[in-house]
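This report refers to the structure that appears directly beneath it.
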Amino acid sequence: MVRKRTIALGVVGGVIAGFGAAKLYQRAATETVPYTVVARLDDVELRRYPESVVVETVADSRPAAFRRLFKYITGENAGTTEIEMTAPVELSANGATISMTAPVEIGGEDGSRMRFYLPAEYDIESAPRPTEDSVELLEIPERTVAVRRFSWRPTEARIDSETEALLDKLEAANVPLAGEPFFMGYDAPWTLPFLRRNEVAVEVESSF
């Protein structure tokens, strides 16, 4: 019995190790939106993000928005160009659930607003034009973002809790906000919870 249990634990451990190795490969192979850490407040990083180009849509649901944007990066654009996804995925966090590049950004009371960040090789002029009227390209200017990282599954309750902790830290440090909170996820849905990289963030005044 002990031997069987040992073998079973070894198999489980091997599977977990395999998932871990696959996860590390996926992260290494996925382009991440670049940033520079300009300051730290305990467990909060203040990051400077460069100008970026995103593709955005508003739909009745997140799955519908995701499908629309996924079609864009897989060739439903002028020139039928396939575009690599980047990380993280970005979602709005103001009172609703918070969000491949990655990020994808979602939010808005008028439906699900979602954004995919395009790889750094594209600017607003070189990015392929959407062929779907409800999909548009936007240029996001350079910004400073306060970020708090956490792991496990990003449930609505956990995102709310982490966002509150982030905002409390910024208020205590007298850091003025310049936008609404959002969530950034870096992992595929099948990623083991303890291997996940999740972040809550908010744009702040760029005085650093």
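The values are calculated or read from the model by the stated rules, or taken from the named source; none is laboratory data. As the structure is a computational prediction, the values presented were derived from the model and not from experiment. Every residue, glycine among them, receives a Cβ derived from its backbone with ideal geometry; neighbour counts consider all protein chains shown. Accessible surface areas use protein heavy atoms only, side chains included; no ligands, DNA or RNA. Shrake-Rupley method; radii C 1.70, N 1.55, O 1.52, S 1.80 Å.
Step by step: first the residues of the stretch 53-82, then only those that are under 10 Å from P130 (Cα atoms) and in contact with a Ser or Thr (Cβ under 7 Å, 6 or more places away or on another chain), then the one that is surrounded by the most Cβ atoms within 10 Å (Cβ to Cβ). Which residue is that?
This residue is L69.
Examine the stretch 12-23 for a residue that is open to solvent by less than 80 Å² (accessible area, probe 1.4 Å), assigned to a strand (DSSP E or B) and either at pLDDT below 75 or closer than 30 Å to E205 by Cβ (or both), and state whether such a residue exists.
The answer is no; no qualifying residue exists.
Residues that are surrounded by 19 or more Cβ atoms within 10 Å (Cβ to Cβ): list the strands (runs of 3 or more DSSP E) wholly contained in the stretch 118-208 that include at least 3 such residues.
It comes to 143-150, 182-185, 198-204.
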